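Nothing in this text is a laboratory measurement; each read-out follows from the coordinates by a stated rule. Note that the coordinates shown come from a computational prediction; the quantities given were computed from them, not determined experimentally. A quick note on method: Cβ atoms are made from the backbone with ideal geometry, for glycine too, and the neighbour counts reach across all protein chains shown.
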Amino acid sequence: PLKKLKDGLLSVTSPEECKDAAGFDINKDKSSVSITVVGASGDLAKKKIFPALFALYYEDCLPEHFTIFGYARSKMTDAELRNMVSRTLTCRIDKRENCGEKMEHFLKRCFYHSGQYDSQNNFAELDNKLKEHEVLKSGCSRRNGGGDSVSVAGCKGRSATVTAVTAVTAAATADTPVNLNHIAKAAVTGGAIFRPSLKSRWGGRVSNRLFYLSVPPNVFTDAVRCASLSASSANGWTRVIVEKPFGRDFESSSALTKSLKQYLEEDQIFRIDHYLGKELVENLSVLRFSNLIFEPLWSRQYIRSVQLIFSEDFGTEGRAGYFDNYGIIRDIMQNHLLQILALFAMETPVSLDAEDIRNEKVKVLRSMRPLELEDVVIGQYKSHTLGGVTYPGYTDDKTVPKDSLTPTFAAATLFIDNARWDGVPFLMKAGKALHDQRAEIRVQFRHVPGNLYNRNFAADIDQATNELVIRVQPDEAIYLKVNNKVPGLGMRLESSNLNLLYAARYSKEIPDAYERLLLDAIEGERRLFIRSDELDAAWALFTPVLKMLEEKKTIPECYPYGSRGPVGAHYLAARYNVRWG
Ligand code: NDP
Ligand code: BG6
């Protein structure tokens with residue numbers, strides 16, 4: 001199952017193959033990885049990070065020698081952490097074989113250390129505990145009931161996963177352990193874990209460390225400082241996943257980047273945008289660049305407008321404290337939707353290498369026309385009674401000031417001033433407490449020039465232009481609206497869908513975005529993480545308009561909880577002759 005591709009790349013095409021690959025020497029990973037979840041007592045850690053780590057473990061996608069540490073100020077024993085974590089683990093994988101047993105094994109690899117985020121001493125204590133596990137590895141010599149070790153390589157079925165030849169060659173020429181990060185940088189191009197066979201030369205296992213900063217942003221710099229000064233790996237890589245928000249505007253984001261870079265190199269920083277880890281977002285490039293039929297149409301010549309829609313049918317309950325300081329533009333548009341837009345609109349990258357892709361994304365972002373206030377509509381949800389149930393308004397939340405002007409809804413029209421997209425409106429819409437929950441990309445094509453059927457059957461299809469819909473969630477799907485003859489003796493046309501519904505086509509469950517991204521960070525694959533210049537470009541686009549909205553104290557339009565959002569959004573779209581899908 002392990003295919004040797006050109007340039008020494010190895011490819012495995014399914015998780016089963018990942019397991020089958022066990023006997024293959026090059027994949028026997030003798031390095032260890034310690035994953036520290038900083039802020040382990042928090043909501044994200046419980047909801048997403050630990051479950052994602054378990055899913056990776058379940059699918060044999062974690063390296064053989066791994067340890068997970070929770071770190072936070074709350075006092076907890078290892079047993080209490082395990083108890084907390086166990087409540088959120090689910091066996092979502094199709095066969096659910098040995099799930100209980102696997103959970104038990106997984107939990108045994110989870111530990112906890114309580115400490116302050118700004119205490120180097122506390123991180124030094126963590127460092128000691130990590131070292132104990134890294135050296136002894138008492139609990140993790142074998143898994144799968146003592147079976148063979150399982151490689152991380154290719155468990156996601158991606159090709160170009162292991163540049164084994166390069167990695168080993170680099171290891172052979174390495175002189176000192178302190179060079180490891182640099183060697184890893186050079187050797188790991190396609191997303192491989194750096195796995196040099198150093199044991200014989202340095203007499204120990206390479207200990208790689210990943211820190212996941214799942215804490216509020218005011219703690220980021222302290223935690224990075226202490227982790228990097230007191231708990232960096234001595235002989236392997238140290239990487240830090242940073243959660244959003246990366247600042248509130250261009251200036252604060254640059255300041256954050258600057259302070260993180262006092263302690264970390266850019267390639268150690270993994271800025272997460274979990275939308276990039278969603279299956280359908282990752283598929284965007286595949287759709288565009290490996291199908292002949294889409295890319296030739298992917299320009300102003302054939303595309304009339306593009307909509308990027310995010311809607312949730314619940315409010316900010318539970319997170320309003322955070323939300324009120326950020327608002328929907330910073331929470332969703334500046335990151336999730338803009339990232340999708342960049343992937344959608346970028347030129348063909350030179351290769352699938354992370355830097356090549358990110359170079360193209362930066363170019364698109366930097367080609368965007370400054371956003372004007374008149375091209376933005378903001379809204380805030382109000383209490384509404386639906387079916388006898390009264391849903392609270394945004395400002396009914398105790399943690400939100402009564403006079404808050406924070407938008408919970410926004411719509412905006414953006415333009416990319418380059419040859420491919422000149423004049424094509426990209427309409428973004430993001431809102432909380434709306435009538436439905438979905439994330440979609442809707443591509444509306446132009447009218448068919450001189451349409452024969454319009455001339456002859458005007459009433460039926462005059463308005464029906466082709467539309468490609470990429471439904472990111474829920475019910476992941478890609479469908480294309482085409483005009484079709486209604487079967488029968490007559491000649492009636494209607495719009496029908498060519499539909500690729502994932503649930504019908506693929507029996508396997510789709511991994512959560514956090515699984516993919518965590519695995520990528522462990523593998524050193526940066527493609528789905530945000531580089532600092534991407535972040536700068538994204539903030540440069542939204543900061544002026546955010547400032548104007550705040551300076552002018554623009555009052556958001558009210559919309560009832562559970563509605564379609566403020567009417568202003570419809571006028572905004574109508575200005576560009578677009579109707580929201
Ligand atoms: P929490 O508010 O739950 O905070 C995580 C942990 O950080 C807490 O358990 C607490 O641990 C510690 N903490 C909380 N407030 C402070 C403070 N003021 N000073 C120091 N420590 C504090 O955050 P989430 O888990 O919800 O989110 C973590 C990060 O991920 C944030 O940056 C958030 O914006 C981001 N994020 C969260 C999402 C979510 O769905 N929750 C989604 C996307 C991003 P202790 O007191 O034990 O130290
Ligand atoms: C987060 C936002 O980044 O994404 C939340 O902070 C939002 O406000 C969430 O609810 C949506 O993520 P998902 O994966 O549930 O669509």
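If you take the Cα centroid of the stretch 333-385 and the Cα centroid of the stretch 287-309, the two points sit 16 Å apart. Converting the Cα gyration tensor eigenvalues of the stretch 49-129 into ellipsoid dimensions via √(5λ) gives semi-axes, longest first, of 27, 13, 10 Å.
By the Kirkwood approach, averaging reciprocal distances over each pair of separate Cα atoms, the stretch 490-581 gets a hydrodynamic radius of 19.2 Å.
Can you give the net charge of the other residues whose Cβ lies under 12 Å from the Cβ of Gln437, counting K and R as +1 and D and E as -1? So the environment of Gln437 carries a net charge of -2. The gain in end-to-end length when the Gln301 to Asp118 segment is fully stretched comes to 60.4 nm, 0.36 nm per residue minus the alpha carbon separation.
Sparsely packed loop sites in the stretch 461-501 (the trypsin sites (Lys or Arg not before Pro) outside DSSP H, G, I, E and B with at most 15 other Cβ atoms within 10 Å) comprise Arg492. Using the Cβ-Cβ distance between Ala79 and Lys47 with R0 set to 22 Å, the FRET efficiency from 1/(1 + (r/R0)^6) comes to roughly 0.55. Cβ-Cβ distance of Arg505 and Tyr453, R₀ of 25 Å, FRET efficiency by 1/(1 + (r/R0)^6): the value works out to about 0.25. Label sites at Tyr479 and Asn497, each approximated as a point 7 angstrom past Cα along Cα to Cβ, lie 0.1 nm apart.
Provide the gained length on full extension for the span Glu374 to Glu355, in nm with one decimal, where the gain is 0.36 nm per separating residue minus the Cα-Cα distance. Numbers along the way, then the final one.
Numbers: separation 19, 0.36 × 19 = 6.84 nm, distance 3.50 nm.
Taking Glu374 through Glu355 to full extension adds about 3.3 nm, to one decimal.
Given a Förster radius of 41 Å and the C-beta distance between Asn577 and Thr399 as r, what FRET efficiency does 1/(1 + (r/R0)^6) yield to the nearest 0.05? Please report the intermediate quantities before stating the final value.
Numbers: r = 41 Å, r/R0 = 1.00.
So, using R0 = 41 Å, E works out to roughly 0.50.
Taking a sphere under 12 Å around the Cβ of Ser563 and counting the other residues whose Cβ falls inside, with K and R at +1 and D and E at -1, yields a net charge of 0. What you get for the stretch 365-448, charging only the Cβ of Lys and Arg (+1) and of Asp and Glu (-1), is a dipole of about 220 debye around the Cα centre.
Other residues lying with their Cβ under 12 Å from the Cβ of Thr413 contribute a combined charge of 0, Lys and Arg counting +1, Asp and Glu -1.
On a full-extension model of 0.36 nm per residue, what is the gain between Tyr322 and Thr554, subtracting their alpha-carbon distance, rounded to one decimal in nm?
Working: separation 232, 0.36 × 232 = 83.52 nm, distance 2.03 nm.
Taking Tyr322 through Thr554 to full extension adds about 81.5 nm, to one decimal.
Distant-in-sequence amide contacts of Cys558, defined by a placed amide H-H separation under 5 Å and a gap of 5 or more residues or a different chain, comprise Gln380.
Cross-link pairs exceeding 26 Å in C-alpha to C-alpha distance, out of Lys129/Lys258; Lys363/Lys547; Lys46/Lys398; Lys402/Lys552; Lys48/Lys547, comprise Lys129/Lys258; Lys48/Lys547. From the largest down, the stretch 317-435 spans 55, 30, 28 angstrom on the principal axes of its Cα atoms. Through the Karplus equation 6.51 cos²θ - 1.76 cosθ + 1.60, θ set to phi - 60°, convert the phi angles of the stretch 408-418 into ³J(HN,Hα) values in whole Hz; use x for Gly and Pro. Listing the rounded values in order: 9, 9, 8, 10, 8, 10, 10, 10, 10, 8, 9 Hz.
Here the Karplus curve 6.51 cos²θ - 1.76 cosθ + 1.60, taken at θ = phi - 60°, turns the phi angles of the stretch 340-347 into couplings of 5, 4, 4, 5, 5, 9, 5, 6 Hz, with x standing for Gly and Pro. A crude spin-label estimate for the pair Thr385 and Val486, with each label 7 Å from Cα along the Cβ direction, gives 4.2 nm. For the stretch 414-504, the fraction of alpha-carbon pairs lying more than 16 Å apart is 67 percent, rounded to a whole number.
Residues in the stretch 37-50 carry Karplus couplings, in order, of 8, 7, x, 5, 7, x, 5, 5, 4, 5, 6, 10, 6, 5 Hz; the curve used is 6.51 cos²θ - 1.76 cosθ + 1.60 with θ = phi - 60°, and Gly or Pro positions show x. Modelled label positions at Ala419 and Val567, each set 7 Å beyond Cα in the direction of Cβ, lie 4.5 nm from each other.
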